[in-house]
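Notes to accompany the following structure.
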């Protein structure tokens, strides 16, 4: 399951690490026992005043999901495990990222 | 009168048949007059008798400086001088050569550049698109030399990131091992990926990246901007 959320954030090269950590912490707090990079992964483009956040919650063990040129891409991956529990909605994710 | 010819015995004299200046005598069933030919003609044989013939010579075909002589299938022919810069082109068996304007020729090179000035990071252990990409535009086939420069690594734990060049989502690593690179640290490493690939119009060349369980980054450093360059040549 893919979610793409735009946020009007601004960070510098020096502060980008904290920026990314803050975003991931907020997402993790919503996703409970799920482990980043195992049950889901995030990608962040730190574009000034227009950050783009991809959140991929894995639907199936062994199937990795990502995006390329705007299209969903699915690949086999032994690292991937199915997302545990009920997947959040987009509005819940947006609320968590406020 | 000495000799075998007498005034009264004229039946065998050549002058009985020759009437004009330049005449000669030949023999068919009897001696006969062989009249003088035209200027430039040569003596040849046809139907077992001598005859005057006009030969086609280069000098009679060519008229102008720069003319070229060729065989047309029915005789010699003239190809008038062409236009400056034209090249002589054969049209193959059964055809005459012609002058033609040469095609532009040579090697055409087209440079493309893709830039990503925003920091990108991901937490996945599988290759994902980074947004550092360009679209090949070559409409004539040929090849493209791809080069990508960027920083990659993990500022959190100093680990490297693994990066690969993709062509429409397919790794081109298998055809050129240097197309994949692993950064050595978090802050000062610039993978240099080069690959030569068959160029297809509209193909998207993009840097993909993956890490371990922590965030990996491609980021803008002070010294250079992440970029991908393609030199298309055909």
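Rule-based calculations on the coordinates, nothing more; no lab input. None of the values given here were measured: they were computed from a predicted structure. All Cβ positions, even for glycine, are placed from backbone atoms using ideal geometry, and neighbour counts span all protein chains on display.
In this rough spin-label picture, where each label sits 7 Å from Cα along the Cβ direction, the residue B:98-residue B:58 distance is 2.6 nm.
For the stretch B:56-88 versus the stretch A:33-98, the inter-centroid distance based on Cα atoms is 76 Å. Convex hull volume of the C-alpha atoms in the stretch A:30-98, normalised per residue: 97 Å³.
Can you work out the FRET efficiency for the pair residue B:65 and residue B:147, with r the C-beta to C-beta distance and R0 = 56 Å, to the nearest 0.05? Given R0 = 56 Å and the Cβ-Cβ separation, E is 0.60. Partner shielding of A:63-71 amounts to 5, given as the average count of beta-carbon atoms from other chains within 10 Å of each residue beta-carbon.
How much length is gained if the chain between residue B:29 and residue B:77 is pulled fully straight, taking 0.36 nm per residue apart and subtracting their Cα-Cα distance, in nm to one decimal? Let's see the in-between values first.
On the way: separation 48, 0.36 × 48 = 17.28 nm, distance 3.98 nm.
Here the segment from residue B:29 to residue B:77 would lengthen by 13.3 nm.
Does the stretch B:23-143 come out rounded, prolate or oblate, given a ≥ b ≥ c as the square roots of the eigenvalues of its C-alpha gyration tensor, rounded meaning a/c under 1.5 and, failing that, prolate meaning a/b above b/c? The shape class here is prolate. Using R0 = 22 Å, the C-beta based FRET efficiency linking residue B:171 and residue B:201 works out to 0.60.
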